Structure formats: structure tokens, C-alpha cells
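Participant: Pasting in a structure now, in C-alpha cells, and then I'll have a few things to ask.
The values are calculated or read from the model by the stated rules, or taken from the named source; none is laboratory data. From a predicted model like this one, the values you see are computed outputs, not experimental measurements. Glycine also receives a Cβ, built like all others from the backbone with ideal geometry; neighbour counts cover every protein chain displayed. Accessible surface areas use protein heavy atoms only, side chains included; no ligands, DNA or RNA. Shrake-Rupley method; radii C 1.70, N 1.55, O 1.52, S 1.80 Å.
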Amino acid sequence: MGHKEMIAMLLAGGEGKRLGVLTKDMAKPAVHFGGKYRIIDFTLSNCAHSGIDTVGVLTQYQPLVLNRYLGIGSPWGLDRSNGGMAILPPYVKQMGGDWYKGTANAIYQNMGFIDRYEPDYVLIISGDHIYKMDYQHMLEHHKARGADVTIAGLQVDLKDASRFGVMHIGEDDSIVDFEEKPKNPVSNIVSMGVYIFSWKVLQKYLIHDEADELSGHDFGKDIIPAMLADGIRLHMYPFHGYWKDVGTIESLWEANMDLLGQEPKLDLSDRNWRIFTVNANRPGHYISAEAAVSGSIISEGCVIEGEVDRSVLFNGVETGPDSIVNQSVIMPGVQIGAGAKIYRAIVGEGAVIEAGVTIGDPDEEAITVVASDELVTNGQSQLEVEQP
């Protein structure tokens, strides 16, 4: 296949249990986001803008929706004969097969794919994070430090650090300690789950880790600590932009709300860094004379007859007369009947909210979730969110 300086391996097989009914029938990276996109669009667009033309997408949990969406990678410029996109599910081998047992094991099982391109470096990324990053800048940082491993990191509130891999940083961005999801973190510098490995170094550790029956075969819990113990050169690449792990109902809702306003926290209108996606190809939206829309994203094909305030509506959503949609995320094709009221909710694709139904409470902080294709009648109003 020929030598590639760096290829990407995109981990997209996570079940996403904390997203509850939203991931009942699809992998987390396939969940809709931002009125027009799916979560995986962000990492794939980052690859496109970073000049990475070879991406292996590792799928496992409920892959049908995600695989159909990715196709041959055309929207992200990955429909190439030399490289491009490859979907990499677990498979049966001569000596038997196995599901991916962890993030490191998923890469181990696909070392043959990586070796086809004889890369100097391998970029490991996840398909469930919202951010814009030029991975070439991170690679330059990796080379300049003479690193074997570079981990993208950023600062978060200390109270949130226990959700992530926590790093202690020494001179010249060197990583001197790493602890995955500690109960009592003493640093607020956390891993974004974006790694650049010098391939030969990583390959050695993957093989060793696979032979360790006590290993969980995970980068954060096993590979990184083992490398630190052996004195491998690990450095952090400091990131200062917007980044969100949308692995929970609350963070997914918050990230959608971050798109609203005159100066949103995440700018999706930057023509120099477009987020590429599969076009829904719907007609323009329609807002009736009686409707009222404020501070919201209304996507193509929507028909709005009610009130919409600080909400994100995906393509093909219809809201009836006198309905209210407030601080909510309404996914494609949802039908909202006349007089229905929706507050602080995420409504899954194709759901039908009958006339007069009330979902959520404007005075409560909790986010209510409605599953895809669900029919909600008056007897089911005030649905409770599924907590992780």
C-alpha cells in the first residue's frame, strides 16, 4: 500500500450506556448532534482538515446505523484507493475470533491493517468527542519533543477531573504521572483521549499487553502506566479550544446548548474549518405567521407553527400550533402536536408527541429523554430521564 507518515485509528465501538435510550439501537458516535451532524463528524472532519487520508474506524456495538452513515467516506474526502476509510469490526480468524476486549485490544487486533501502510506514527482518536483540532500541529509537537507518545490534554474544573485520565506534567510538557479516572484527582489536567504513538513503540507494548492475562487491555489503565513505568518518553500536547465528551445525557444536552447565541462557545459557521456531514437534502424550513422562534437552530425541512426558544431542531421536525419547545434538542423527523409543551428535553429521531402532551418541567434541572420512534400520548407525559 505504500508508506504513510501517520494514519488514524478511530475508536467508534462504544455502547454509550450513559446515553440511555438514545444508544439503544446505535453506537454513540452515530448519535445526532447540533441540528445537522452526528457526533463522529467532528473527528472525521478533524482528520480531513489535518491532511490524514487513511482512517480505520473500529466498530462493535450496534454498528448498522453507523456503518450505513459512513458509507465509503465521501463526505470527509476518504473515498480513496490508496488509504481512505476502512470499517474494522471484530472478525473470526483461523484460530478463532473475539470481541474487542478494550481500547488497546481493539488496536492489537488490527495491527495487520496498520502495518499495510508502514506508518511512522499512529493517531488514536475517539468518535464520541466534540472539538476541532489540527492533528498535524500535534504531530509537530510530538516530533519537536522527541516523544514516543503524545497525549492531548486540557484543563477542566477539578471537580470534573475524576471522569477522565488525569496527568501530572513536568518540564517541557513531559508527563510524569497518569491515573485513569482517579477518585480523588490532585491535578485538573486531563487526557482528551487523543494519542499519537510512534508505531514501533506502541506495537511492542500492544503485543506485551495482549500476553498479560491480568491486563484490562485499555490505553488509560494499562498501556500508558506501563510505558511510564518503563521510562518511555511521554509528553502532553496542550489544547486550549472547545472540547466536550458527550458521553452523558447532561453533557450531550449542554454541548447542543453551547451552539446557541450570538457568540456560541463552539462556532460551526467557520468556513475555514467546516464540519463535513451527510447532507439530509431536505427543502428549506418554513415558519408560519403565528410561530415565534428565538435563539434557536432550525434545520432544513422543519415546519414551525408554535413557539421555539433556545432549542436545536434537526431536519424535518414539525411543531403544531400553540406548541412550545424550550431549551430542548429535537432530532430528525419528530412530530410535535398542537398544544404540546417540551421543556429541557432530548427527543429521539422519529418520535411522535401527541397534541396536548407535556414533557419535562421548566422549573427542574433534569433533562428528559424520549426514545427514537416513540409515540408519547397524554398518559406518558413527564417522562423520566434514564440516569447512568
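Participant: Output the helices (runs of 4 or more DSSP H) that fall wholly within region 20-121 and possess 1 or more residues being under 30 Å from Ala211 (Cα atoms), or say none.
Facilitator: 103-108, 111-115
Participant: Specify the residue that is modelled with the lowest pLDDT; the eligible residues are those in region 177-217 that are aliphatic (A, V, I, L, M) and closer than 17 Å to Lys159 by Cβ.
Facilitator: Among them, the one singled out is Val186.
Participant: Right, next: Do any strands (runs of 3 or more DSSP E) lying entirely in region 192-306 carry at least 2 residues that are under 26 Å from Thr43 (Cβ atoms) and open to solvent by 20 Å² or more (accessible area, probe 1.4 Å), and which ones are they?
Facilitator: Those strands (runs of 3 or more DSSP E) span 234-238, 243-245.
Participant: When residues of region 341-372 are filtered for being at pLDDT below 95 and open to solvent by 50 Å² or more (accessible area, probe 1.4 Å), how many remain?
Facilitator: So the answer is 6.
Participant: How many residues are among the basic types (Lys, Arg) and in contact with a helix residue (DSSP H, G or I) (Cβ under 8 Å, 6 or more places away or on another chain) if we restrict to region 174-211?
Facilitator: Result for region 174-211: 2.
Participant: For region 76-101, give me the residue count where each residue is touching a Ser or Thr at 6+ places or on another chain (Cβ under 8 Å) and over 27 Å from Glu140 (Cβ atoms).
Facilitator: Result for region 76-101: 3.
Participant: If you go through region 43-54 one residue at a time, do you hit one that is open to solvent by 60 Å² or more (accessible area, probe 1.4 Å) and on the phi < 0 side of the Ramachandran plot?
Facilitator: No: zero hits.
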